[in-house]
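Structure first, then comments.
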Amino acid sequence: IHRKIFQDGYLGGAAEKSLWKTGNVWNEDDINEAVAQVKAKTLIGTYKLDETNAVAESLYQVDMKGKSVLVIGSSHPWIEAICLFHGAAKVTTLEYGEIISNHPQIQTETPSTIRKKYQDGTLEMFDGIVTHSSVEHSGLGRYGDALNPWGDILAIARGWCITKPKAFLWIGVPTGQDKVFYNWHRIY
């Protein structure tokens with residue numbers, strides 16, 4: 001295996017901490033600025049301006065006003081900013097790496113912390129889930145998760161288990177000819 005592919009495929013043994021300007025710490029002022037940028041259509045998310053604006057526009061179809069939203073997979077809070085822009089009362093981010101949020105409307109969890117809360121009955125059920133470019137990685141081991149060929153299906157099923165009846169799911173994944181591209185991602 002080419003060394004570059006190996007290092008990138010396993011993130012060089014480290015979690016992604018360079019996507020957000022303050023690493024794995026999300027500050028309230030920075031998030032509020034990102035929400036203002038969503039409104040102005042100037043927020044550059046992980047996948048550039050056009051995709052960020054397309055996601056923000058498509059999420060007008062989802063009623064988030066006053067609701068609790070679970071974001072599956074995010075090391076850069078652009079999806080969270082879009083959810084807050086659309087009126088979410090609370091956003092909980094589920095991410096493999098630990099993130100510290102200093103924003104009063106954003107809480108962060110890792111798989112182990114959310115699992116513990118679920119098992120001891122203290123996990124709040126969510127009104128809906130938003131995930132973009134995340135579940136296609138699940139089960140491939142790139143982010144330190146266990147290898148599992150059904151990891152993407154399990155991620156969605158686990159999300160369903162912690163949502164309220166009639167919850168919404170907004171999902172963005174790469175589409176095209178079905179395949180698994182190394183341990184980077186799946187295409188559907």
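The values are calculated or read from the model by the stated rules, or taken from the named source; none is laboratory data. Only a predicted model underlies this, so the values are computations on that prediction, with no experimental measurement involved. Note that each Cβ is placed from the backbone with ideal geometry, even for glycine, and that neighbours are counted across all protein chains shown. Heavy atoms of the whole protein, side chains included, go into the accessibility calculation; ligands, DNA and RNA do not. Shrake-Rupley method; radii C 1.70, N 1.55, O 1.52, S 1.80 Å.
Can you tell me which residue is most open to solvent (accessible area, probe 1.4 Å) among those in segment 136-162 that are farther than 18 Å from T108 by Cβ and β-branched (V, I, T)?
That would be I153.
Quick one: which of K117, K90 is of a type in the set (D, E, K, R), open to solvent by 30 Å² or more (accessible area, probe 1.4 Å), in contact (Cβ under 8 Å) with a residue 12 or more places away in the chain and over 19 Å from Y188 (Cα atoms)? So that I can check it myself, show each step before the final result.
Numbers: K117 fails: in contact (Cβ under 8 Å) with a residue 12 or more places away in the chain.
Unique residue meeting the criteria: K90.
How many residues does segment 99-110 hold that are touching a helix residue (DSSP H, G or I) at 6+ places or on another chain (Cβ under 9 Å) and either closer than 18 Å to I171 by Cβ or open to solvent by 60 Å² or more (accessible area, probe 1.4 Å) (or both)?
First pass over segment 99-110, keeping only residues touching a helix residue (DSSP H, G or I) at 6+ places or on another chain (Cβ under 9 Å): 101-106, 109.
Next, only the ones that are either closer than 18 Å to I171 by Cβ or open to solvent by 60 Å² or more (accessible area, probe 1.4 Å) (or both) stay: 102, 104-105.
Number of matching residues: 3.
Quick one: would you say L140 is hydrophobic (A, V, I, L, M, F, W, C) and at pLDDT 95 or above?
So L140 does not fit the description; no.
Take the residues in segment 91-123 that are of a type in the set (S, T, N, Q) and not in a loop (DSSP other than H, G, I, E, B), then tell me which one is modelled with the lowest pLDDT.
This residue is S112.
Could you pull out the residue among T131, T122 that is surrounded by 14 or more Cβ atoms within 10 Å (Cβ to Cβ) and either out of contact with any helix residue (DSSP H, G or I) (no Cβ under 8 Å at 6 or more places or on another chain) or in contact (Cβ under 8 Å) with a residue 24 or more places away in the chain (or both)?
Just a single option satisfies the conditions, and that option is T131.
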